[in-house]
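A.B. asks: Please see the structure below; I have some questions.
The values are calculated or read from the model by the stated rules, or taken from the named source; none is laboratory data. Every value quoted in this text rests on a predicted model; they were computed, and no experiment measured them. For neighbour counting, all protein chains shown are included, and Cβ atoms are generated from backbone atoms with ideal geometry for every residue, glycine included. Note: areas computed on protein heavy atoms with side chains; ligands, DNA, RNA excluded. Shrake-Rupley method; radii C 1.70, N 1.55, O 1.52, S 1.80 Å.
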Amino acid sequence: MTNVELDELRARLDEINGQLLELISERAQVVQEIGVVKEKQGVPKFDPEREKAMLEKLVASNKGPFTAGTIRSLFKQIFAASLDLQSAEHKKSLLVSRKSHKEDTVIVLPGDIAIGGLSSVMVAGPCSVESEQQTRTVAAALQKAGIKVMRGGAFKPRTSPYDFQGLGMDGLRILREAADEYGLLTISEIVDPAHLEPALDYVDIIQIGARNMQNFELLKAAGELNKPVLLKRGLAATMEEFLHAAEYIMSRGNTQVMLIERGIRTYEKWTRNTLDISAVPILKQESHLPVLVDVTHSTGRKDILIPCAKAALAAGADGIMVEVHPDPATALSDAAQQLNIEEFNTFFSEVKASGLFRQN
Ligand code: PEP
Ligand code: MN
């Protein structure tokens with residue numbers, strides 16, 4: 001073959017490539033138009049039956065040299081690319097997405113306490129509400145330290161059914177009373193949609209725990225409320241799944257959603273979970289919602305809470321959550337990792353001294 005012939009063949013290939021590009025681009029446009037029609041009709045965009053029929057039609061008219069298998073896999077790629085394009089479009093329009101809402105969302109709580117935006121928040125309190133005395137002791141210490149939001153679990157999602165399950169509605173009442181006495185706001189986890197309404201009088205922020213991040217009925221019910229929700233990242237949830245869980249709440253009308261990274265499961269054993277610091281800047285980039293970091297449950301150990309809290313704030317977190325108990329050794333849950341009051345005061349002073357904590 002002469003060089004002239006080779007050049008001619010190569011030019012022909014370039015031409016065909018160009019035609020293929022034009023055709024697959026045109027195809028993508030048609031798929032998008034179909035997507036718009038389907039969206040109006042409320043039917044799913046991916047139709048496996050239709051995809052199968054299209055593939056069979058192509059295989060039937062294939063005259064070679066490609067095998068039926070090759071034709072199938074080539075066209076499957078083309079189909080998938082067009083569908084991906086639609087989901088990218090969809091991602092842009094998610095309510096949680098920074099693309100649909102450029103400015104940071106700021107959640108304003110009673111007493112003009114803001115979460116998100118220019119100030120940092122420190123959410124502290126016991127893992128579980130255990131008694132009036134225990135809760136009041138923590139509340140008094142938190143007020144003294146200048147804390148505004150107190151946590152305390154009343155419905156505890158425990159791994160073993162034989163472990164302390166929390167005081168339920170009584171726990172919420174104890175938390176509210178202690179918080180009111182010391183001028184604090186309350187946050188507590190709700191695990192059952194039926195408890196959301198009754199909890200409204202007792203909590204200023206509803207927490208949805210890691211184990212319930214994909215409890216879609218709970219998310220939908222929380223979405224119907226006019227109450228801020230703190231959504232924890234699931235034990236093994238990707239960031240996309242996390243944001244979709246938040247979307248469940250927002251899509252029902254409740255836009256007061258905060259995200260909290262609380263560590264994910266990995267093979268590492270020297271921490272209870274693995275604190276995914278990279279989640280902080282990514283979630284801040286992808287979403288406009290406030291992002292907090294729970295240093296207690298992510299690490300499960302007290303000796304690294306200060307550097308982890310600083311790292312979280314340096315990465316752009318809007319706040320920190322930490323567990324505090326008057327006598328951690330006797331705590332009914334998470335005894336190993338709660339700070340006592342003195343340790344909490346040191347922790348908070350160190351975090352403030354770093355200059356990374358923006359006081360409310
Ligand atoms: C909690 O914050 O009380 C709790 C149970 O945490 P998580 O849902 O992150 O495990
Ligand atoms: Mn705990």
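A.B. asks: Classify the range 285-353 from the C-alpha gyration tensor, please: rounded if a/c falls under 1.5, else prolate or oblate depending on whether a/b exceeds b/c.
C.D. replies: Because a/c hits 1.5 or more and a/b exceeds b/c, the range 285-353 counts as prolate.
A.B. asks: Could you pull the accessible area for Cys308 with a 1.4 Å probe, rounded to 10 Å²?
C.D. replies: Looks like 30 Å² after rounding.
A.B. asks: When the accessible area of the chain is computed with all protein chains present and a 1.4 Å probe, what percentage of it is carbon and sulfur?
C.D. replies: Percent of accessible area from carbon and sulfur atoms in the chain: 55.
A.B. asks: Taking the full set of protein chains and a 1.4 angstrom probe, give the accessible area of His244 in square angstrom, rounded to the nearest 10.
C.D. replies: Only protein atoms counted, so the area is about 80 Å².
A.B. asks: On to the next question. For the range 114-126, what does the Karplus curve 6.51 cos²θ - 1.76 cosθ + 1.60, with θ = phi - 60°, yield as ³J(HN,Hα) per residue in whole Hz, taken in order and with x for Gly and Pro?
C.D. replies: 10, 10, x, x, 8, 10, 9, 10, 10, 9, 9, x, x
A.B. asks: What are the residues whose amide H is under 5 Å from the amide H of Val257, where those residues sit 5 or more places off or on another chain and H is modelled from the backbone?
C.D. replies: Correct list: Val229.
A.B. asks: Please report the relative contact order for the range 3-93, taking Cα pairs under 8 Å with a sequence separation of at least 6, and give it as a percent rounded to a whole number.
C.D. replies: Over the range 3-93, the number comes to 32 percent.
A.B. asks: Got the relative contact order for the range 215-347 handy, in percent, Cα pairs under 8 Å and 6 or more residues apart?
C.D. replies: Dividing the mean separation by the residue count of the range 215-347 yields 18 percent.
A.B. asks: Related question: Quick check: the distance between the Cα centres of the range 72-103 and the range 39-64, to the nearest angstrom?
C.D. replies: Going from one Cα centre to the other spans 19 Å.
A.B. asks: Kindly sort Thr296, Thr105 by accessible area of their heavy atoms, largest first, with the probe set to 1.4 Å.
C.D. replies: The ranking, largest first, comes out as Thr105, Thr296.
A.B. asks: For the chain, what is the accessible area per residue in Å² when the probe is 1.4 Å?
C.D. replies: Per residue, the chain has 51 Å² of solvent-accessible surface.
A.B. asks: Then there is this: May I ask you to derive the relative contact order of the chain, considering only C-alpha pairs under 8 Å and at least 6 residues apart, and to give it as an integer percent?
C.D. replies: 15 percent
A.B. asks: Can you give the convex hull volume per residue for the Cα atoms of the chain, as a whole number of Å³?
C.D. replies: Expressed per residue, the convex hull around the Cα atoms of the chain is 205 Å³.
A.B. asks: I would also like to ask the following. Spelling out what I want: for every residue of the range 341-348, take phi, set θ = phi - 60°, compute 6.51 cos²θ - 1.76 cosθ + 1.60 (Karplus), and round to whole Hz; glycine and proline get x.
C.D. replies: Each residue's phi maps through the Karplus curve to give 5, 5, 4, 5, 4, 5, 4, 5 Hz.
A.B. asks: Tell me which trypsin sites (Lys or Arg not before Pro) from the range 81-130 have a DSSP coil assignment and no more than 16 other beta carbons within 10 Å of their own.
C.D. replies: Listed in order of number, the matching sites are Lys99, Lys102.
A.B. asks: I've got another one for you. Charges at C-beta only: +1 for Lys and Arg, -1 for Asp and Glu. How large is the resulting dipole of the range 248-360 about its Cα centre, in Debye rounded to 20?
C.D. replies: 280 debye
A.B. asks: How many angstrom lie between the Cα centre of the range 282-360 and the Cα centre of the range 1-27?
C.D. replies: Computed from Cα coordinates, the inter-centre distance equals 60 Å.
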